[in-house]
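**Q** Just passing along the structure, written as structure tokens.
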Amino acid sequence: MADIETHPAAHAQGLKHHFDDSAQQLESSTLGMWVFLLTEIMFFGGMFGGYTVYRNMYPGAFASTSQFMNLAIGSINTGVLICSSFTMVLAVRAAQLGKKKSTITFLVLTLILGSVFLTLKYVEYYEKWKDHHIPGPGFRYAEPQYFHEAQILFFLYFAMTGLHALHMIVGAGLLTTLIVMASRNRFSAEWYTPVEMIGLYWHFVDIVWIFLFPLLYLIGHTSSWGG
Amino acid sequence: MSTTLPHPLHVGERTNYLNADYGWKSWLFTTDHKRIALLYLFSVTAFFFLGGLFAVGMRINLLTPEGIFSHDTYNKLFTMHGIIMVFFFLVPSIPATLGNFLIPIMIGARDLAFPRINLLSWYIYIVGGIVALFAIVQGGVDTGWTFYAPFSTTYSNTHVILAAVAIFISGFSSILTGLNFIVTVHKMRCPGMTWSRLPLFVWGHYATSLIQVLGTPVIAITLFLLGMERLFHAGIFDPTLGGDPVLFQHLFWFYSHPAVYIMILPGMAVISEIVPCFSRKAIFGYEFVAFSSLGIAVLGFVVWGHHLFVAGQSMYASMVFSFMSMVVAVPSAIKVFNWTATMYKGSVSFETPMLYAFGFIGLFTIGGLTGLFLATMAFDVHVTDTYFVIAHFHYVMVGGMVMAFMGGIHFWFPKITGRLYPENWGRIGAAIVFIGFNLTFFPQFILGYLGMPRRYASYAPEFQMLHVMSSAGASILGVGYLIPIIYLTWAWRKGPISPQNPWNAKGLEWEQSPTPPPTFNFDVPPVCTEPAYNYSGEGAEVGLG
Amino acid sequence: MTHKVVSVKTYATVFLCLIALTATTVGVSRIELGEYNFVVAMTIAVMKGSLVVWFFMDVRRGSSLTKLFVGAGLFWLAILLVFVLSDYLSRGWLPGPKWW
């Protein structure tokens, strides 16, 4: 890290030396984040693929397990995440306008909403644990003819929602970092790239849930609310 | 005319990326893509020899029909050979070493788009490698590098999860490298460097990066599900619990087939640089070669089912995959035709890089053609899971990719080190590799055709002669790889100082960047004023640059 | 971005649409439509996802390159799903042993 670099350009805020100008840097960061989100699409896609195969294969078991999905929590969580996407986009907008306090406020709101989601998820998981629906040696299922298939479907449920929750936790960490950076005056109307990039990430995690919700909670589920 | 540089001061008298700073911290905390490339070069080479060591064990075992190792040990040998070679050598090899080093320079940039992510990718690779080493030391894995369920999920008693974690981690390294290259090629090209002037080396790596970014996440999720299944036994891939082992194969090969294109496209990219230079002629059909890289990248994603022909996949899906597997051969063939056409009426010389390129073209063609045999379902039924398959992929991977790697290392050795390697030893090494390779792997085509199954520790006595030939070839091949290690290491320290452009090659890295380059690659901001491979001198912009 | 700033009103409108679509999809799921439950639910999910991508992630004003990469991601996901399913869905087409 001790190379003497030789261009004496006046540095725009946050501009790294290997870039020619801020526009190039911002475009690169944006493209880089989108490429990363592409990898996330394929990552979740693999699981969606497995899930689709088994739903197709075991429609009876699937209909049976869907009654154990907590539609109330699922719906509320969907609403919570949509709100958090709204507050996130307002945070980016505030950063764009150079409004430090609003930026922090909206980031904090996003973080709170994300935490609400995770809390409700925990409640859901705890409920499943009490019902002995966690795959493994402790798994029990009310309809014995669907025992094996139900275990596979619950496995996929936990894998998909669990990885989604993990991404939310990472997102929460990133939001915290943003809040700290914002309070230390790191952002301005000229440079707020991290806010924008993490915003893209957060929206993506929301979109994954937008698809998870109907697949896991709504289809095959015409019975009443509650798990 | 492009700008060419005057004869430089000697290495050591002028500041370049190697002597700009000293000490372990300047290497381990560097963000200079060239230093990171060297970090990768040493790690990747180390893994190559480790993977080779497992191969040595296998070939020794196969000298006699009963073998000397237990069957369990043999299973571990071929598994670790596959895992190390595929994930820790072949996938990163050219992209993370030559790609990292050259892409910014070739496009006229000061570094990659994300230098710190570049360094991070190396650290991630090392962590993955350490976990893999730990898995080996703990006793290894015996499932084959393909980890087929339900053996891997339920019945194997070896360190499957450790190996899966190692590969999962190394996958992120691959993704980050690909991401970096994609953004760099889109956003960091210097003035005048249009897409149609990009060196084919860059096109090839761009296509490779697309595959890395789109495919690797799927192996990640597959290994994740594999690990979870091994822990919880929910049955996702276990037929006794209602699961489908073929689903594992679908998800595994969705990545692993494109992965072989991750492994070969950079090799083709290197050949596309070497052949024009040593034919003193522009590449024939530049656009065709460029688009064929993209074509391979895209088509490579819709052929994976040819690994599942006998697994229980539906006949109709198999037919589609078989057809697409034939189609994907077309862009590869286009490249071979274009390289050949480049040499036609060119002024061909036989320096070491070109010898490796010749080896590549011939051996890759054989390997590729046998791939078509395997894509034909009726033939595949007879030779699947035999040594025919092994010979096929070693022809393309070792006869192809590794030779391209060697060729590239030799071609750009002066640029990287500022010194020249001994040309005679280079040629000797190339010849020994070529002879050793063919002696090792050609008999395996015959073995496979005669019915010798793969992954078998012991075999019927009638196969022994061919196995002995193959093992003898392997020892020659090993010597062929050791020789360059020795003289290249010597040459780095003691070789003659290289002139600015020892090959008189075209390209920004040879013409506008000093040898070796300074930390930010150029003393004067580069401008591209002519098409790629402008060996005839036509087509350069006049009055610009 | 160096663009103009998007108005809060636009974002709020999108937000309300998303909430409305969510309520709709939950409501429709209570009605027995057979096969079409899946189609409707997925259609609404696609609409919601598109709103987020287009407005919240600002692809609407993004470069063509961004749009290309988003399209590519969706296309590749489609390859994965379609080709894997093509195996499972066509398994019963030939007479003989079937997957049980």
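**Q** Roughly how compact is the protein assembly as shown, stated as its Cα Rg over 2.2 N^0.38 Å to two decimals? Working shown, then result.
**A** Details: Rg = 28.1 Å, N = 872, 2.2 N^0.38 = 28.8 Å.
Taking N as the residue count of the protein assembly as shown, the ratio is 0.97.
**Q** In addition: Could you work out how far apart the two model spin labels at residue B:464 and residue B:49 are, taking each label as a point 7 Å from the Cα in the direction of the beta carbon, and quote it in nm?
**A** 3.4
**Q** Evaluate the Kirkwood expression for the hydrodynamic radius of chain A, namely the inverse of the mean inverse distance over all pairs of different C-alpha atoms, and round to one decimal in Å. Kindly include the intermediate steps, with their values, before the conclusion.
**A** On the way: mean 1/r = 0.0506 Å⁻¹.
19.8 Å is the Kirkwood radius here.
**Q** Assuming a viscosity of 0.890 mPa s and a temperature of 25 °C, what translational diffusion coefficient in µm² per second does Stokes-Einstein assign to the stretch B:28-511, Rh being the Kirkwood radius over Cα pairs?
**A** Details: Rh = 22.7 Å.
Here the translational diffusion coefficient equals 108 µm²/s.
**Q** Distance between Cα centroids, the stretch B:475-545 to the stretch A:12-40: provide it in whole Å.
**A** 29
**Q** Given the -39500 (n - 2.57) contribution per DSSP H run of 4+ residues, what per-residue ellipticity at 222 nm results for chain B, rounded to the nearest 500 deg cm²/dmol? Don't jump to the answer; show the numbers that get you there.
**A** Values: 17 runs with 334 residues, N = 545.
Theoretical 222 nm ellipticity from helices: -21000 deg cm²/dmol.
**Q** Calculate the dipole size of the stretch B:28-511 relative to its Cα centre from +1 charges on Lys and Arg beta carbons and -1 charges on Asp and Glu beta carbons; express the result in debye to the nearest 20. It would help to have the intermediate numbers written out before the result.
**A** Values: 22 positive and 17 negative charges, 298 e Å.
Dipole about the Cα centre, nearest 20: 1440 debye.
**Q** What does the charge dipole of the protein assembly as shown about its Cα centre add up to, to the nearest 20 debye, if the Cβ of each Lys and Arg holds +1 and the Cβ of each Asp and Glu holds -1?
**A** Values: 45 positive and 41 negative charges, 240 e Å.
It works out to roughly 1160 debye.
**Q** To the nearest 20 debye, what charge dipole does the stretch C:1-99 have about its Cα centre, counting +1 at the Cβ of each Lys and Arg and -1 at the Cβ of each Asp and Glu? Mind dumping the intermediate values first?
**A** Values: 9 positive and 4 negative charges, 69 e Å.
The dipole magnitude comes to about 340 debye.
**Q** Return a single number: how many Lys pairs in the stretch B:28-511, at a sequence separation of 8 or more or on separate chains, have alpha-carbon atoms below 15 angstrom apart. Mind dumping the intermediate values first?
**A** Working: B:34/B:415; B:281/B:345; B:281/B:506; B:415/B:506.
The number of close lysine pairs in the stretch B:28-511 is 4.
**Q** Which order do peptides C:54-64, A:138-148 fall in by mean Cβ count within 10 Å, highest first? Each step should come with its number before you reach the end.
**A** Values: C:54-64: 17.5, A:138-148: 14.8.
Peptide ranking by packing, descending: C:54-64, A:138-148.
**Q** Rounded to the nearest Å, what's the spacing between the alpha carbon centres of the stretch B:71-119 and the stretch B:283-313? Just the number, please.
**A** 21
**Q** Can you tell which of C:16, C:82, C:6 lies farthest toward the positive end of the dipole of chain C, using +1 and -1 charges on the Cβ of basic and acidic side chains (Lys, Arg; Asp, Glu)?
**A** Checking the options against the dipole of chain C, the answer is C:6.
**Q** Would you please put A:197-204, B:192-199 in order of how densely packed they are, using the mean number of other Cβ atoms within 10 angstrom per residue and starting with the highest? Provide the component values of the computation, followed by the final result.
**A** Details: A:197-204: 23.2, B:192-199: 17.4.
Descending packing order for the listed peptides: A:197-204, B:192-199.
**Q** Partner chain Cβ atoms within 10 Å, averaged over the residues of A:78-91 - can you pull that number for me?
**A** Working: counts 7, 5, 0, 2, 12, 3, 0, 9, 9, 2, 1, 11, 4, 0.
The mean count of partner-chain Cβ atoms within 10 Å per residue comes to 5.
**Q** Under 17 Å from the Cα of residue B:25, which aspartates and glutamates turn up, not counting those fewer than eight places away in the same chain?
**A** Hits, sequence-local ones excluded: A:3.
**Q** Which lysines have a Cα lying under 22 Å from the Cα of residue C:4, excluding residues fewer than 8 positions away in the same chain?
**A** A:99, A:100, A:101, C:67
**Q** Take B:423, B:351, C:32 and order them by how many other Cβ atoms sit within 10 Å, fewest up front. Don't skip to the end; give the middle numbers.
**A** On the way: B:423 12, B:351 20, C:32 8.
Neighbour counts put them in this order, fewest first: C:32, B:423, B:351.
**Q** Which order do the peptides B:84-90, C:34-40, A:38-44, C:81-87 come out in when sorted by mean C-beta neighbours inside 10 angstrom, highest first?
**A** The most tightly packed comes first, giving B:84-90, A:38-44, C:81-87, C:34-40.
**Q** List every DSSP H helix in chain B whose Cα atoms extend 15 Å or more along the helix's own long axis and whose mean Kyte-Doolittle hydropathy is at least -1.0. Walk me through the numbers on the way to the answer.
**A** Details: long enough: B:33-61 (42 Å, 1.18); B:71-83 (18 Å, -0.57); B:115-137 (33 Å, 1.66); B:160-187 (40 Å, 1.76); B:200-232 (47 Å, 1.33); B:245-279 (50 Å, 1.18); B:286-299 (20 Å, 1.64); B:315-343 (43 Å, 1.20); B:352-375 (34 Å, 1.57); B:403-417 (20 Å, 0.79); B:423-450 (41 Å, 0.95); B:464-494 (45 Å, 0.82).
Helices meeting the criterion: B:33-61, B:71-83, B:115-137, B:160-187, B:200-232, B:245-279, B:286-299, B:315-343, B:352-375, B:403-417, B:423-450, B:464-494.
**Q** Please list, or write none, the lysines whose alpha carbon is within less than 21 Å of the alpha carbon of residue A:130, excluding same-chain residues fewer than 8 places away.
**A** A:121
**Q** Got a sec to turn the phi values of the stretch A:40-50 into Karplus ³J(HN,Hα) couplings, 6.51 cos²θ - 1.76 cosθ + 1.60 with θ = phi - 60°, whole Hz, x for Gly and Pro?
**A** Karplus values, whole Hz, x for Gly and Pro: 5, 4, 6, 5, 5, x, x, 6, 4, x, x.
**Q** Averaged across C:67-80, how many Cβ atoms of other chains sit within 10 Å of each residue's Cβ atom?
**A** Numbers: counts 1, 1, 8, 4, 0, 8, 11, 3, 3, 13, 9, 1, 7, 14.
Neighbouring Cβ atoms belonging to other protein chains average 6 per residue here.
**Q** Then there is this: Please order B:246, C:28 by the number of other Cβ within 10 Å, starting at the fewest. Kindly include the intermediate steps, with their values, before the conclusion.
**A** On the way: B:246 23, C:28 16.
Ascending number of Cβ neighbours within 10 Å: C:28, B:246.
Every number here is computed from the coordinates shown, using simple stated rules; none is lab data. Every value quoted in this text rests on a predicted model; they were computed, and no experiment measured them. Glycine gets a Cβ as well: all are built from the backbone with ideal geometry, and neighbour counts include every protein chain shown.
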